[in-house]
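This report concerns only the one structure given below.
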Amino acid sequence: MAVSAGRVATRRTTGEPAISAENLVKTYGEVTALAGLSFAVAPGTVFGLLGPNGAGKSTTIRILTTLSRPDSGTATVAGADVLARPDAVRRAIGVVTQGSGTDPQATGRENLLLAGRLHGLRGDEVKARADELLDRFGLTEAAGRVVRTYSGGMQRKLDVAMGLVHRPAVLFLDEPTTGLDPQARADMWAEIARLSTQEQLTVMLTTHYLEEADQLADRLVIVDRGTVVAEGSPEELKSGLRGDAVVIELAPDADLAVAGGAVEALTGLRDVTVDGRTIRGRVDHGASAVPAVLAALERESVAVAAVTIARPALDDVYLRHTGRSFAAAERVSA
Ligand SMILES: Nc1ncnc2c1ncn2[C@@H]1O[C@H](COP(=O)(O)OP(=O)(O)OP(=O)(O)O)[C@@H](O)[C@H]1O
């Protein structure tokens, strides 16, 4: 499997969406998990549901994969209504959930053969499909080993292979790289990109990694408290923000409260957030703003470790639409 992941080129498709959600509402007692969520996914693309923990991503996936019913709203997957034709939806989809669905005491090949048989594949067909997937995910050598001896990355690849065994049209990946090391994550990204570009598979993934959504998704929605607060390609979303992001890393002994106050008092710096020792804000012209930022901090005797100017990232998009930083939202919901 290739190790370098590049963002998938945006493809234009016409006709029916592969997935559509209209005004989905779901409550659990007092908790509103989804408060009217809507989006549409074009066939053969990677679509990202990005949001902090508790935003409603898993609830959305559960409804789209027929495991849960919305209180109101409608959804279709591969042309079938999830409430009216759940069997048709189940036949058309592969689902890889957060926990592994593999049997740790069985070998990789046995797991794949079982998954294939559960989907109605038989005899030589299921064996050929298992071998094909083992080869594609770089697991052929490990195919005869029991899964409990696999690394986290190998187990995750096997999970995805099992989700693909019956050649679904739509693959749902719930947090596909949580817990993986950087190399295994890059491998997974490359494989997801390949599945969509070369095999025309529609992939919906949920993630709370901003970088993952940025790298992989042709289009994405940012979900916050059960609603869509922004939608577009990562480029569209980022270029919708004016100016540059300025990121200030404070020295270990810096007084955070004093630093935050000094920076917030600066005119022209907007959407300022302080996360630990990192202060982030946006300005119209990053390069010309840096001297003023440094001077303001120096006046207050705040030591600075580094200042970086960058194009706005999805972090900044999230802040713009929700009024709080992604990291802060994750901490609140943790
Ligand atoms: N079965 C349930 N019973 C009660 N509350 C639930 C249930 N499932 C989800 N919730 C609540 O609904 C909200 C949305 O949860 P959901 O799991 O969909 O979020 P998420 O974005 O997928 O987050 P995570 O990444 O942590 O799974 C949260 O406040 C959660 O606590």
Quick check: is even one residue across region 257-276 away from the ligand (no atom under 16 Å from the Cβ) and closer than 25 Å to I19 by Cβ? no
Which condition from (1) modelled with pLDDT under 85; (2) farther than 30 Å from V221 by Cα; (3) acidic (D, E) is the one that E298 breaks? (1)
Do we have V229 as closer than 26 Å to A78 by Cα, modelled with pLDDT of 90 or more and in contact with a Ser or Thr (Cβ under 7 Å, 6 or more places away or on another chain) here? yes
Please verify whether region 88-105 includes one or more residues that are more than 27 Å from T140 (Cα to Cα), buried (at least 21 other Cβ atoms within 10 Å of the Cβ) and either away from the ligand (no atom under 16 Å from the Cβ) or under 26 Å from the mean Cα position of the chain (by Cα) (or both). yes
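Sort out for me the strands (runs of 3 or more DSSP E) sitting completely within region 264-310 that have 2 or more residues that are among the basic types (K, R). Explain how you work it out, then say what you get.
Working: elements: 270-275, 278-283, 304-310.
Qualifying strands (runs of 3 or more DSSP E): 278-283.
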Only one of (1) more than 27 Å from L220 (Cα to Cα); (2) over 25 Å from the mean Cα position of the chain (by Cα) fails for V283. Which number is that? (1)
Among the candidates L139, L158, single out the residue that is part of a helix (DSSP H, G or I), surrounded by 18 or more Cβ atoms within 10 Å (Cβ to Cβ) and either at pLDDT below 90 or hydrophobic (A, V, I, L, M, F, W, C) (or both). L158
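Restricted to region 311-334, and to residues that are closer than 15 Å to G276 by Cα and not in a loop (DSSP other than H, G, I, E, B), which residue is modelled with the lowest pLDDT?
Restricting attention to region 311-334, the residues satisfying the condition of being closer than 15 Å to G276 by Cα are 324-332.
Imposing the further condition that a residue be not in a loop (DSSP other than H, G, I, E, B) reduces the set to 326-332.
Working: F326: 82, A327: 79, A328: 78, A329: 79, E330: 75, R331: 72, V332: 68.
Of everything passing the filter in region 311-334, V332 is modelled with the lowest pLDDT.
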Checked pairs for region 267-280, first over 13 Å from A245 (Cα atoms), second among the polar types (S, T, N, Q), C-beta under 7 Å and 6 or more apart or across chains, list as D275/S325
Can you spot a residue in region 35-44 that is near the ligand (Cβ under 9 Å from one of its atoms) and either crowded, with 21+ Cβ neighbours inside 10 Å or at pLDDT 95 or above (or both)? no
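Name every residue in region 176-186 that is within 16 Å of the ligand (Cβ to nearest atom), surrounded by fewer than 20 Cβ atoms within 10 Å (Cβ to Cβ) and in contact (Cβ under 8 Å) with a residue 40 or more places away in the chain, in order of residue number.
Let us first name the residues in region 176-186 that are within 16 Å of the ligand (Cβ to nearest atom), namely 176-180.
Within this subset, residues satisfying the condition of being surrounded by fewer than 20 Cβ atoms within 10 Å (Cβ to Cβ) are 178-180.
Answer for region 176-186, where residues must be within 16 Å of the ligand (Cβ to nearest atom), surrounded by fewer than 20 Cβ atoms within 10 Å (Cβ to Cβ) and in contact (Cβ under 8 Å) with a residue 40 or more places away in the chain: just T178.
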Go through E231, E236, E212 for me and flag whichever is touching a helix residue (DSSP H, G or I) at 6+ places or on another chain (Cβ under 9 Å), of a type in the set (D, E) and in a helix (DSSP H, G or I). E212
Working only within region 161-175, note down all residues that are among the charged types (D, E, K, R) and either within 16 Å of the ligand (Cβ to nearest atom) or buried (at least 23 other Cβ atoms within 10 Å of the Cβ) (or both). D174, E175
Looking at region 187-199, is at least one residue basic (K, R) and either surrounded by 19 or more Cβ atoms within 10 Å (Cβ to Cβ) or closer than 26 Å to L67 by Cα (or both)? no
Hey, does region 267-277 have a residue that's surrounded by 15 or more Cβ atoms within 10 Å (Cβ to Cβ) and of a type in the set (G, A, S)? no
Among the candidates L49, L64, residue that is of a type outside the set (S, T, N, Q), within 11 Å of the ligand (Cβ to nearest atom) and crowded, with 20+ Cβ neighbours inside 10 Å: L49
What number of residues within region 198-212 are closer than 21 Å to V77 by Cα and in contact (Cβ under 8 Å) with a residue 40 or more places away in the chain? 8
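Taking L113 as the residue in question, decide whether it is buried (at least 21 other Cβ atoms within 10 Å of the Cβ) and either closer than 22 Å to V223 by Cβ or modelled with pLDDT of 95 or more (or both). So that I can check it myself, show each step before the final result.
Working: buried (at least 21 other Cβ atoms within 10 Å of the Cβ): no; either closer than 22 Å to V223 by Cβ or modelled with pLDDT of 95 or more (or both): yes.
No.
Could you run through region 218-244 and say how many residues are away from the ligand (no atom under 16 Å from the Cβ) and of a type outside the set (S, T, N, Q)?
Quick first cut of region 218-244, residues away from the ligand (no atom under 16 Å from the Cβ) only: 218-219, 231-244.
Cutting the leftovers down to of a type outside the set (S, T, N, Q) gives us 218-219, 231-232, 234-238, 240-244.
Total satisfying the criteria: 14.
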Subset of region 248-263, residues surrounded by fewer than 17 Cβ atoms within 10 Å (Cβ to Cβ) and either part of a strand (DSSP E or B) or on the phi > 0 side of the Ramachandran plot (or both), comes to E249
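The values are calculated or read from the model by the stated rules, or taken from the named source; none is laboratory data. Please read all numbers here as calculations on a predicted model, not as lab measurements. All Cβ positions, even for glycine, are placed from backbone atoms using ideal geometry, and neighbour counts span all protein chains on display.
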